Amino acid sequence: MVLFNSRLFKKYLIPGFVFQSVVIAGGYGTGRELVEYFLNYGPLGGVLGMFLFTTLIWSVLLAVTFEFSRVFKTYDYRSLFLKLLGRFWFTFEILYFILLIIVLAVVGSAAGVLLRDNFGIPYLAGVIIIYAAIGFLAFKGSWLIERFLSTVSILLYIVFGVFLIMSVAKFGPQIQQKFAEAIIRPGWKIGGFKYALYNIAVIPAVLFCIKNLETRKEALTTGFLSAVIGILPGALILCALVAHYPAVLPEEIPVMLALSKINLPFFMYVYQIVLFGALITTGIGFIHSVNERFQSAFQAKGKEFPPWARPVVAIGLLLAGSALSTFGLIQLVARGYGTASYGVFLVFALPMVTLGLYKIMRERGSQSVK
């Protein structure tokens with residue numbers, strides 16, 4: 001509890017842990033996204049795409065967005081895009097809702113597959129269980145959500161780190177050989193670019209926890225740290241999966257293949273439990289951002305957002321996500337996310353690093369004159 005309340009943790013680390021928790025999603029923690037956008041281009045191609053494109057793009061967009069929000073006090077996506085895009089702010093909301101439904105579908109599908117294949121629970125029951133957990137957290141609000149996301153993020157680091165250590169201990173020579181082959185397939189740049197872009201759409205889901213940032217240096221530092229915190233677990237999983245390249249490429253949940261090769265049933269169960277928690281964090285992160293958006297709209301009219309409305313919003317979004325989850329995890333990750341990345345680039349990334357930076361500098365100039 002002391003850790004969560006410390007000034008440095010709140011300012012510099014909680015935003016990163018929340019960002020990582022939302023990014024993890026059903027495709028990241030299962031390894032499906034990492035295969036689709038990185039490992040498909042070879043072990044070395046995947047690493048290059050991950051660090052030369054994804055991490056760099058995340059660092060810039062997180063830093064600029066955090067500074068923009070700090071300067072203009074925009075801590076939900078509605079107020080952020082009203083300030084950034086003016087009357088065209090709704091274009092992001094349309095895109096955000098589309099991506100939100102896809103993410104919830106991926107989360108539900110991943111949970112259904114995970115519980116069905118490893119615990120014998122029917123697919124639909126798995127979807128219902130995870131959606132019920134997300135709905136409960138949505139009802140409880142920011143205080144519990146912030147702590148839950150941070151706790152799961154820390155646990156993920158521990159579990160993913162142990163996963164890599166065990167993989168290296170058992171398959172170290174194979175991992176070294178795969179990297180030594182220096183396989184780089186065409187398209188690795190596009191893979192890293194796409195992965196970075198559709199994931200920056202989750203940045204508005206982090207804004208509720210950056211209200212403690214007071215200076216430009218703090219905003220830029222926290223943005224960079226958040227990018228690093230967000231990508232490192234993916235790097236750990238990717239290295240573990242490399243030992244089984246290319247056999248993992250067609251797997252719906254690639255990490256399950258890697259875990260089965262390690263052959264430690266107890267750790268496999270631990271990983272799945274923590275992964276299930278990660279799926280919850282992704283779903284609640286997105287839904288909470290929508291509730292914060294509605295709360296901001298109510299406050300702008302001098303009204304209070306009713307507490308009962310939070311779970312109602314959550315239930316409506318989860319029902320939409322459950323309908324889409326029938327398409328399956330592989331198709332949702334490959335087609336849904338890939339298409340969304342271009343929309344995010346046009347509506348969020350490009351305006352933020354051009355118009356957003358201009359508005360930040362103009363605001364700074366006006367304050368200097370005063």
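Every number here is computed from the coordinates shown, using simple stated rules; none is lab data. Note that the structure is predicted; figures quoted are calculated from it, not measured. Because the Cβ atoms are built from the backbone with ideal geometry, glycine has one as well, and the counts that use them run over all protein chains shown.
From the cross-link list 189/217; 194/261; 11/73; 73/303; 189/359; 301/359, which pairs have alpha carbons spaced over 21 Å apart? Before the final figure, lay out the partial values.
Working: 189/217 30 Å; 194/261 30 Å; 11/73 15 Å; 73/303 19 Å; 189/359 30 Å; 301/359 26 Å.
189/217; 194/261; 189/359; 301/359, as the Cα separations exceed 21 Å there.
Taking 0.36 nm per residue of sequence separation and removing the Cα-Cα distance, the residue 312/residue 364 pair yields an extension gain of 14.7 nm. Which net charge results when you count Lys and Arg as +1 and Asp and Glu as -1 among the other residues whose beta-carbon is under 11 Å from that of residue 123? Counting the neighbours of residue 123, the net charge comes to 0. For the range 185-193, the Karplus equation 6.51 cos²θ - 1.76 cosθ + 1.60, evaluated at θ = phi - 60°, returns couplings of 8, x, x, 4, 5, 5, x, x, 5 Hz by residue, with Gly and Pro reported as x. Full extension of the chain between residue 88 and residue 136 gives 14.0 nm of extra length, using 0.36 nm per residue less the Cα-Cα distance. Charge dipole (Cα centre; +1 on Lys/Arg Cβ, -1 on Asp/Glu Cβ; no other charges) of the chain amounts to roughly 1060 debye.
Averaging the sequence gap over all C-alpha pairs within less than 8 Å and six or more residues apart, then dividing by the number of residues, gives the chain a relative contact order of 40 percent. In the calculated pair-distance distribution of the range 7-369, the portion above 24 angstrom amounts to 55 percent of the Cα-Cα pairs. For the pair residue 98 and residue 270, a Förster radius of 22 Å applied to the C-beta separation gives a FRET efficiency near 0.05, rounded to the nearest 0.05.
Highest-first packing order for the peptide set 103-111, 288-296, 209-217, 12-20 is 103-111, 12-20, 288-296, 209-217, based on the mean count of other beta carbon atoms within 10 Å.
At a Förster radius of 51 Å, what calculated FRET efficiency corresponds to the Cβ-Cβ distance of residue 298 and residue 184, to the nearest 0.05? Working shown, then result.
Working: r = 51 Å, r/R0 = 1.00.
Calculated transfer efficiency: 0.50.
Here is how the number arises for the chain: DSSP H runs of 4 or more residues each give -39500 (n - 2.57), the sum is divided by the residue count, and the result at 222 nm is -24000 deg cm²/dmol.
Across the range 64-70, coupling constants 3J(HN,Hα) worked out from phi with the 6.51/-1.76/1.60 Karplus curve, θ = phi - 60°, read 5, 5, 4, 5, 4, 5, 5 Hz, and Gly and Pro carry x.
With 0.36 nm allotted per residue and the present C-alpha distance subtracted, the residue 249-residue 125 stretch has 41.9 nm of extension available.
Excluding residue 241 itself, what net charge comes from residues whose Cβ is under 11 Å from its Cβ, given Lys and Arg +1 and Asp and Glu -1? Walk me through the intermediate numbers first.
Details: positive: 32, 178, 261; negative: 251.
Net local charge, residue 241 excluded: +2.
Panel note: the C-alpha atoms of the range 156-207, placed on their principal axes, show extents of 41, 33, 8 Å (largest first). The local environment of residue 96, defined by Cβ-Cβ distances under 15 Å, has a net charge of -1 under the rule Lys, Arg +1 and Asp, Glu -1. Peptides 224-232, 87-95, ordered by how many other C-beta atoms sit within 10 Å of their residues on average, highest first, read 224-232, 87-95. Legend: calculated FRET efficiency, residue 353 to residue 214, from the Cβ-Cβ distance at R0 = 22 Å, rounded to 0.05, equals 0.45.
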